[in-house]
Amino acid sequence: MKLFLKAFPLLVGLLSSSVFADVAVIVNPSNNSELSKSDISKIFLGKSKTFSNGESVKAVNLKSNSAIRDNFQKEVLGKSKSQVKAYWSKLIFTGKGKPLKEFDNEKEVVSFIASNPNAIGYVDRSKVNDSVKVVN
Amino acid sequence: MKKKLAFTSLIAALISLPSQAEITFNGFASIVGGTTTSSNDNLYGYDDNFDFKEGSLFALQASSDLGEGLGVTIQLAAKGTDDWEPEFKWAFLSYDATDELRILAGRQRAPFYMYSDFLDVSYAYPWITPPTGVYDLIFDTYDGLSAIYSTSFGDVEASFHGIYGRITDKFDAFGETITPNVGDLTGLATTFTYDWLTLRASYFIADTTMPFSDLEGLAHGWSQAGFEDVANNTRLSEDSSSFLELGFQINYDALIIVGEYTNLEIENSPLAEEDSYYVMAGYQFDSILVHVTYGVDENVNDIYTSDIPYGLHPDIDFLKGATEGFLYSQESEEEYVTVGVRYDFHDSAAFKLEYTDFTNKNNNSSDAGLIRAAIVTVF
């Protein structure tokens, strides 16, 4: 029983890490920039506004009630929902940043990125198609 | 001619901007209720009547990106403590010269403290408000220019925020409303962040004039009695002032530790030199943050009339008595402990509960306990 208790959190851990792995960070296929996890994090925290190829970034979010967004923020930004919200409210209410554009669903994100060379976003890996490029 | 050219090209630039610039609205609010724990206690504007007005505020911000790096931001905040009279906290034009350099012109927050930039956005920090003992400058907003340079040195992110401007916003103190002149306000705030550690330092200087009629009257008396030096010290006129802040923040996993030290000095003035600091430690349990803060606030005055003996003349005795009465009244040594929780019960809102135990070492009749509860939100 004790062993089971120990194994249980491990199992949950494995399950949740596989959920993280299902988040695909996507860009337009024409975008040839190198993107590390820290680059992606800086973009979505409004710290970095250009890709390594010099083009200005247009990062997009899913609506805040999205589970994919939660996973992305936990995994890539290392922050909880309310931490991200608090962080962005500092930028917004000092005029230093504008909230990222938000989409209701992943299909909209994919089609936005497919038609915008400088866009970056994230969706569930199962929603990825040939019109976008996965960078993580 | 040159001016006309510059003007014409500005107009041309404005005309070439997209004609329907999108305006983004955002807002934030705090609804705070509080009461002191015993009938004789008064603290931070609260007494033993449960109050919902003193700490509550609503703010609305409109911003628009005009293109080519130019933007406009306006923030209007109405606070219960000001009888809900709205005030512009920010109203500026911004120009992003490069990705790293941003210039602001207009009305803006002076970056005195670590939390100055988003002072009223309670959602962005653990407490209901940052510790009052440190965050007690009369002014938080100025009119002028600033430049923010953000860059990184390897893994260290750095920001340099230089300002120049003036403050002439009316305020109430010593039973009257005055229009101050805090002129040539010049300063620099620097912040360095490495992963879990943030270090901050800021320094400001200004020439401060505050025409309080009681002090002016005393100064006039000293001047007539032939004590020009004492008169100058008593008058708050173009006195060189300095403000220093040193701060750190540690965000390590679920642990948060924050500390700030400040020193305010208005030279040759009857106002005390103020040294303040606080240290806060908090721990995040899932959606609940538990925190405790210890702070000290010390005001020490130069009793510049002490070498004038009593008995020279009844008028001088009166001036000395009145002046020293004022000088000593500005001295204090205060200490406080605040324990609190923040509960993120909603995507855009948090509930906060705090208890503050306040001790005045010079005068224990102003010791007080204060309970506050708040719902804070961003929208």
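The values are calculated or read from the model by the stated rules, or taken from the named source; none is laboratory data. Given the structure is predicted, the values throughout are model-derived calculations rather than measurements. Here the Cβ is made from the backbone with ideal geometry for all residues, glycine too, and neighbour counts use every protein chain on show.
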Discussion item. Among (1) touching a Pro at 6+ places or on another chain (Cβ under 7 Å); (2) surrounded by fewer than 20 Cβ atoms within 10 Å (Cβ to Cβ), there is one condition B:ILE167 misses while meeting the rest; what is its number?
Written reply: (2)
Fill in: All positions within the range B:52-95 that are at the interface with chain A (Cβ under 10 Å from one of its Cβ atoms) and among the basic types (Lys, Arg)
B:LYS89
Practice prompt. Could you look through the range B:147-160, keep only residues that are part of a strand (DSSP E or B) and within 11 Å of chain A (Cβ to nearest Cβ), and pick out the one that is farthest from A:LYS47 (Cα to Cα)?
Written response: B:ILE148
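Please tell me if A:ASP39 is of a type in the set (Asp, Glu), surrounded by 13 or more Cβ atoms within 10 Å (Cβ to Cβ), at pLDDT 50 or above and closer than 14 Å to A:ASN71 by Cα.
Details: of a type in the set (Asp, Glu): yes; surrounded by 13 or more Cβ atoms within 10 Å (Cβ to Cβ): yes; at pLDDT 50 or above: yes; closer than 14 Å to A:ASN71 by Cα: no.
So A:ASP39 fails the test.
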Fill in: Which numbered condition B:LEU43 misses (of (1) touching a Leu at 6+ places or on another chain (Cβ under 7 Å); (2) under 24 Å from B:PHE160 (Cβ atoms))
(2)
Discussion item. Looking only at the range B:305-338, filter to residues that are touching a Pro at 6+ places or on another chain (Cβ under 8 Å) and not in a strand (DSSP E or B); which one of those is farthest from B:ILE128 (Cα to Cα)?
Written reply: B:THR323
Response to the item:
Residue pairs within 7 Å by beta carbon, gap of at least six or interchain, first lying in the range B:98-125 and away from chain A (no Cβ under 11 Å), second assigned to a helix (DSSP H, G or I), listed first then second, are B:ALA110/B:SER116
Practice prompt. Could you figure out which of (1) in contact with a Pro (Cβ under 7 Å, 6 or more places away or on another chain); (2) modelled with pLDDT under 95; (3) of a type outside the set (Asp, Glu) isn't true of B:ARG342?
Written response: (2)
Worksheet item: Is it the case that B:TYR135 is more than 27 Å from B:ALA272 (Cβ to Cβ), free of Cβ contacts under 8 Å to residues at least 40 places away in the same chain, in contact with a helix residue (DSSP H, G or I) (Cβ under 9 Å, 6 or more places away or on another chain) and not β-branched (Val, Ile, Thr)?
Response: no
Item to complete: Could you please give the count of residues in the range B:103-117 that are surrounded by 21 or more Cβ atoms within 10 Å (Cβ to Cβ), outside any loop (DSSP other than H, G, I, E, B) and of a type outside the set (S, T, N, Q)?
Response: 3
Item to complete: Tell me, please, whether a residue that is in contact with a helix residue (DSSP H, G or I) (Cβ under 8 Å, 6 or more places away or on another chain), surrounded by 18 or more Cβ atoms within 10 Å (Cβ to Cβ) and not in a strand (DSSP E or B) can be found in the range B:339-346.
Response: no
Fill in: Pick from the range A:42-68, criterion over 22 Å from A:PHE93 (Cα atoms) and touching a residue at least 12 places away in the same chain (Cβ under 8 Å), ranking: surrounded by the fewest Cβ atoms within 10 Å (Cβ to Cβ)
A:SER56
Worksheet entry | Hits in the range A:92-105 - residues which are within 22 Å of A:SER66 (Cα to Cα), facing another protein chain (nearest Cβ under 10 Å) and among the hydrophobic types (A, V, I, L, M, F, W, C) | A:ILE92
Discussion item. Any residue in the range B:70-87 that is within 22 Å of B:ALA147 (Cα to Cα) sitting within a Cβ distance under 6 Å of a residue that is acidic (Asp, Glu)? List the pairs, counting only those 6 or more apart or interchain.
Written reply: B:GLY71/B:ASP65
Response to the item:
Per the list (1) facing chain B (nearest Cβ under 10 Å); (2) farther than 24 Å from B:THR24 by Cα, residue check on A:ASN71 breaks on (1)
Fill in: Qualifying residue in the range B:356-368 (condition: within 21 Å of the chain's Cα centre (by Cα), crowded, with 18+ Cβ neighbours inside 10 Å and part of a strand (DSSP E or B))
yes
Worksheet, complete the sentence: Of the residues in the range A:111-126, those that are surrounded by fewer than 24 Cβ atoms within 10 Å (Cβ to Cβ) and either over 11 Å from A:SER30 (Cα atoms) or among the hydrophobic types (A, V, I, L, M, F, W, C) (or both) number 7
Discussion item. Take the residues in the range B:325-379 that are without any contact (Cβ under 8 Å) to a residue 12 or more places away in the chain and more than 14 Å from every other protein chain (Cβ to nearest Cβ); name whichever of them is farthest from B:MET280 (Cα to Cα).
Written reply: B:GLY325
Worksheet item: A:VAL109 is checked against (1) over 28 Å from B:PRO126 (Cα atoms); (2) within 14 Å of chain B (Cβ to nearest Cβ) and fails just one. What number does that condition carry?
Response: (2)
Fill in: Matching residues, the range A:57-66, being under 13 Å from A:VAL27 (Cα atoms) and either at the interface with chain B (Cβ under 10 Å from one of its Cβ atoms) or in a loop (DSSP other than H, G, I, E, B) (or both)
A:VAL57
Fill in: Condition met for B:THR24 (surrounded by 22 or more Cβ atoms within 10 Å (Cβ to Cβ), of a type outside the set (Lys, Arg) and assigned to a strand (DSSP E or B))
no
Worksheet item: From B:LEU246, B:LEU264, B:LEU255, which residue is at pLDDT 95 or above, surrounded by fewer than 16 Cβ atoms within 10 Å (Cβ to Cβ), farther than 16 Å from B:PHE326 by Cα and among the hydrophobic types (A, V, I, L, M, F, W, C)?
Response: B:LEU255
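Looking only at residues in the range B:269-296 that are outside any strand (DSSP E or B) and of a type outside the set (S, T, N, Q), which one is surrounded by the most Cβ atoms within 10 Å (Cβ to Cβ)? Before you say what the answer is, go through the steps one by one.
First, pick out the residues of the range B:269-296 that are outside any strand (DSSP E or B): B:269-272, B:286-287.
Of the ones still in play, those that are also of a type outside the set (S, T, N, Q) are B:270-272, B:286.
Working: B:PRO270: 25, B:LEU271: 22, B:ALA272: 20, B:ASP286: 9.
Looking at the filtered set, the residue picked out is B:PRO270.
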Worksheet item: Given the conditions (1) modelled with pLDDT under 90; (2) within 30 Å of B:GLU85 (Cα to Cα); (3) not acidic (Asp, Glu), which single one is not true for B:ALA59?
Response: (1)
